[in-house]
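J.: Take this structure first; my questions come after.
The values are calculated or read from the model by the stated rules, or taken from the named source; none is laboratory data. No experiment lies behind these values; they were computed from the predicted model shown. Heads up, the Cβs are rebuilt from the backbone with ideal geometry, glycines too, and the neighbour counts pull from every protein chain shown. For the accessible areas, the whole protein counts, side chains as well, though only heavy atoms, and no ligand, DNA or RNA atoms are used. Shrake-Rupley method; radii C 1.70, N 1.55, O 1.52, S 1.80 Å.
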Amino acid sequence: MTSVSRPRALTGWFKSKITGAVVSKLVRKFGIPKSAVRNLRSWGKLSQEGGGGFPTELLPLGANMWSGFVLTTFARQLMGGWVLPYWLRRQGSPASPAFVPHGHAWLTQNLTGRNWTGIGICGFPNEAIVDPRGLVTPWPFAPSIDVWMKVGDELHCPSERDEVEQALLEGFPIVRTSFEAGGLECALITFVAPLDGMPVVLGTAEVTGAPRGALPVSLVVSVRPYNPETICAVNELAYDPVSHTFTADGGTLLYLPAKPDEVIFSDLAHGDVAMLLSDPGRKRLPGGSLEVQEPTGLASAAAVYTVDLSGGGSESVCFACPLSAGVHPDFLSMLPERGSLAIAEKKLAGQLESWSEVASLGMRVSVPDEALQQAFDANKAFLLLLFDGQAITPGPSTYHMMWFRDAAYLVPALTRIGHAQKARDVLSTYPDRQAEDGFFRSHDAEWDSNGQAIWTLVDHYLMTGDEEFLRGVYPSIIKGARWIDDKRQAGLPAGDPRRGLLPAGVSAEHFGANDVYYWDDLWAVAGLRAAAGAARDLGLESDARFMDRVARELWASLEASWRWVEGRLGRRVIPSAPGRDIDAGSIGSVAAVHPLGLIGAGEEIMLNTVDTIVERCFYRDMHFHAIMHQGLNAYMSLEVAQCYLRRRDPYALKIFDSLWSMASPTFTYPEAINPVSGGGAYGDGHHGWAVAEFINFTRNLLLFEEGDRLVLLPVARLEWLEPGKRIEVEGAPTLFGEFSYTVDCEADAITFDLRGDLARPPSAIELNVPFAITSCEVDGETVEVGEGAMSVDIRPSAGKVRLFIMRG
């Protein structure tokens, strides 16, 4: 265990003196009030309390975001009459429930409608996103592509309309967005498919119907200097009629195989291209202009296609975009003008087939709830979408990077839906992501990652029995365990509630200012315990004893710290850190139950903790997170629901149903939801951790492991068990082996048909129903059931179990 060294303390002292001198000079030079200095010093003290530093790896992401927030505030003031992104139009309208005034803050960000849907190919490292009105952003923080329809002199833009329909095609990451105007329907299908082996964004826009009065109709494909996050600067915009491509600041953005009837560019002085389309008399750039330079970054362009619908029918155009900046595909040869629509349609059919094949593998679920069935299948596909070959990311856009923390939920979800090889592909990269000193480094000052990485590695081994995999990663595991031991704080006096725990750090950033977070230690204990068992399986008893010892000591330090908290607060709970009370950040303590199983959901300390979180931090039966971020958090709510699920408490379903009511039409969730607008409040608008927890909760609603037991239907929905209904689970991986079952319901009986390849059988299988069981037959033999019982334990070798019930 470590303590602060004298050289390091001296370095800190000199640094503080130099910093103080610089600050004092600036204060005098610019006349900064002392009150402002006190505010800033207090902020610095709070944000860095206990040390730990700031994860500088987040600076590139922050630079993109925060520069966009500043630009949006000032650019928006100059964009009167522009077609704005859906979120910004609503957020700036005083009549909208999504209205947000920015006051003195020179920042405007999407706080009310951070909702989008990722599109891509399973195993490919890049995805694009589609917003709720069909705006296509081909890579993070890029300019976007919008599709409009012009009927007569009236321009119809989906971001300005309330009635727009959006759905997934066949439940896969392929998005159809449509709206109606003037008796016509405009539909855009957006997906990712390979052209000559290179995955690209493909879009097909179709207008169908016959306009009233035979008005002229046009399809418009527009380049927009914004995305679902912010306005983004486009200083140079050009169209090359030879290559059929639009470039933005020198990079290929949009390819149109068919030659447009008109190409229009505009700058800030001439207004949005939408204004030029709506007002033909408005002054334009010189005729034939194929490029524009705009120092403010507010350049826009449109390709206009005249379509002949005088006799009804439909006409279509297609387009393509690269999936990353700085890529210049030879689109002209990949998607030639002649036959381009047929190629796009063939690629769409190929992607529907490809997604069908990959999604059909692994665990299959059938529940008598069509909407939930569609949502589970869609999120299963989304989890596969976020698998990037050798990484898995918690989002296709804002969070398109790898963190051990998110992967600790995403990777096990991959394994549990039957895609163990993909999970193995990600986990096999963990040794290369580890520093020489054993630190599994996502970012500096995030001390949770070692426990998470170790636990995830061992969990995969336990789920699959893949000893070859374990042997390959074991040197990394033991090195990571030694890092945990070395990182613990020894140089603190006896009785200090931080003694023996991991040091202060930023940890999961939504907990608040740097602190000694129990979350870090819970993951460390779970990782060490799991690794000790794995070491024994490999015959490495000495390593196992070492990790057992460190885990015991760390757990003893946690329990001592919790006793100190109990003495301070007068009740037995687990806040996020020793000096805190139960608040929104205490959600991290729930990890002790799910997924780690360190504390039983019914133990007093966890009962008190979870119930207090619900009492203090829940709104509309969801976790309202109010630290650093603010919003109804999707995955945090489901983690609390997991605790109630393990308590066999129907409140788990109430939490799930509240969240379920806020799903997008494409079954996605943002990281958190604005409780007023109902849209995304922060984070990635298609959040991968929420995807994983949706899958994990639905899976655990059907079956989960509890110690050496397998539990089926811990909290069953009454409507699923009505007479004539059926539940099916096929090929579900468990810690005991692969398991399948069906449930058939009659008026007076519920029949379980159990089928499993249980290489490591549980001690018992627990069956639950929301009715009193009057009698039970297992493979034709009567089994005794307690009076009023609503669950029964049966032997793992059982095949057919018939529960006779009393409804009502």
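J.: Could you give the angle, 0 to 90 degrees to the nearest 10, between helix 449-464's Cα long axis and the longest principal axis of the Cα atoms of the chain?
T.: Computed tilt is about 80 degrees.
J.: Which net charge results when you count Lys and Arg as +1 and Asp and Glu as -1 among the other residues whose beta-carbon is under 15 Å from that of ASP240?
T.: With Lys, Arg at +1 and Asp, Glu at -1, the net is -4.
J.: Probe 1.4 Å, all protein chains in place: accessible area of ILE343 in Å², nearest 10?
T.: That residue has around 50 Å² of solvent-accessible surface.
J.: Same structure again: Quick check: Cα centre of segment 486-524 to Cα centre of segment 319-380, how many Å?
T.: 45
J.: Further question on the same structure: How do 727-734, 351-358 rank on mean C-beta neighbours within 10 Å, highest first? Don't skip to the answer; put the middle values down first.
T.: Values: 727-734: 19.1, 351-358: 15.8.
For the peptides 727-734, 351-358, the packing ranking is 727-734, 351-358.
J.: Now for a different question. Can you give me the accessible area per residue for the chain, using a 1.4 Å probe, in Å²?
T.: 39
J.: Gap in Å between the Cα centre of segment 557-583 and the Cα centre of segment 209-251?
T.: Each part reduced to its Cα centre gives a spacing of 57 Å.
J.: On to the next question. With a cut-off of 8 Å between alpha carbons and a minimum separation of six or more residues, what is the relative contact order of the chain in percent?
T.: Once normalised by length, the contact order is 12 percent.
J.: Also, quick follow-up: Using only the heavy atoms of the protein chains and a 1.4 Å probe, how would LEU78, LEU256 rank by accessible area, largest first?
T.: Numbers: LEU78 100, LEU256 0 Å².
In descending accessible area the options line up as LEU78, LEU256.
J.: What does the net charge come to around GLY731 if you take all other residues with beta carbon closer than 15 Å to its beta carbon, with K and R at +1 and D and E at -1? Walk me through the numbers before you get to the answer.
T.: On the way: positive: ARG364, LYS380, ARG416, ARG699, ARG755; negative: ASP377, GLU728, GLU730, GLU738, ASP753, ASP757.
Net charge in that neighbourhood comes out at -1.
J.: Is the chain best put as rounded, prolate or oblate by its Cα gyration tensor, with a ≥ b ≥ c the root eigenvalues, rounded for a/c under 1.5, and otherwise prolate when a/b is larger than b/c, oblate when not? Working shown, then result.
T.: Working: a/c = 1.96, a/b = 1.28, b/c = 1.53.
Verdict is oblate for the chain.
J.: So, one more: How are the Cα pair distances of segment 761-808 distributed, in percent, across 10 Å bins from 0?
T.: 29, 56, 14, 1
J.: For segment 83-121 and segment 655-705, what is the separation of their Cα centres, given in Å?
T.: Comparing the Cα centres of segment 83-121 and segment 655-705, I get a distance of 20 Å.
J.: Something else: Cα axis of helix 651-660 to longest principal axis of the chain: angle in degrees, 0 to 90, nearest 10?
T.: 10
J.: Moving on to the next point. For HIS328, tell me the accessible area in Å² from a 1.4 Å probe, rounded to the nearest 10.
T.: The accessible area of HIS328 comes to roughly 110 Å².
J.: Based on the mean of other Cβ atoms within 10 Å per residue, sort peptides 520-527, 204-211 so the most packed one is first.
T.: Those peptides, ordered most packed to least, come out 520-527, 204-211.
J.: Probe radius 1.4 Å, ligands and nucleic acids left out: which of ASP330, ASP196 has the largest accessible area, and how do the rest follow?
T.: ASP196, ASP330
J.: What three numbers, in Å, describe the spread of the alpha carbons of segment 126-244 along their principal axes, ordered from the longest?
T.: 44, 38, 31
J.: How would HIS510, HIS270 rank on accessible area, largest to smallest, probe 1.4 Å?
T.: Highest to lowest solvent-accessible surface, that is HIS270, HIS510.
J.: Which order do the peptides 464-472, 600-608 take when ranked by the mean count of other beta-carbon atoms within 10 Å per residue, highest first?
T.: So the peptides 464-472, 600-608, ranked by packing, come out 600-608, 464-472.
J.: What spacing in nm lies between the two simple spin-label points modelled at GLU777 and SER24, each 7 Å away from Cα in the Cβ direction?
T.: Simple spin-label model gives 9.1 nm for this pair.
J.: On C-alpha positions alone, give me the angle between the axis of helix 404-416 and the longest principal axis of the chain, in degrees, nearest 10.
T.: Rounded to the nearest ten degrees, it is 80.
J.: On to the next question. Considering only protein heavy atoms and a probe of 1.4 Å, how much of the accessible area of the chain is carbon and sulfur, as a whole percent? Before the final figure, lay out each step's value.
T.: Working: 16670 of 31440 Å².
On the chain, the fraction of accessible area on carbon and sulfur atoms equals 53 percent.
J.: Leaving ligands, DNA and RNA out of it, work out the accessible area of TRP82 with a 1.4 Å probe and give it in Å² to the nearest 10.
T.: The accessible area of TRP82 comes to roughly 20 Å².
J.: May I ask for the net charge around ASP196, where only other residues with Cβ less than 15 Å from the Cβ of ASP196 are counted and Lys, Arg are +1 while Asp, Glu are -1?
T.: Local net charge: +1.
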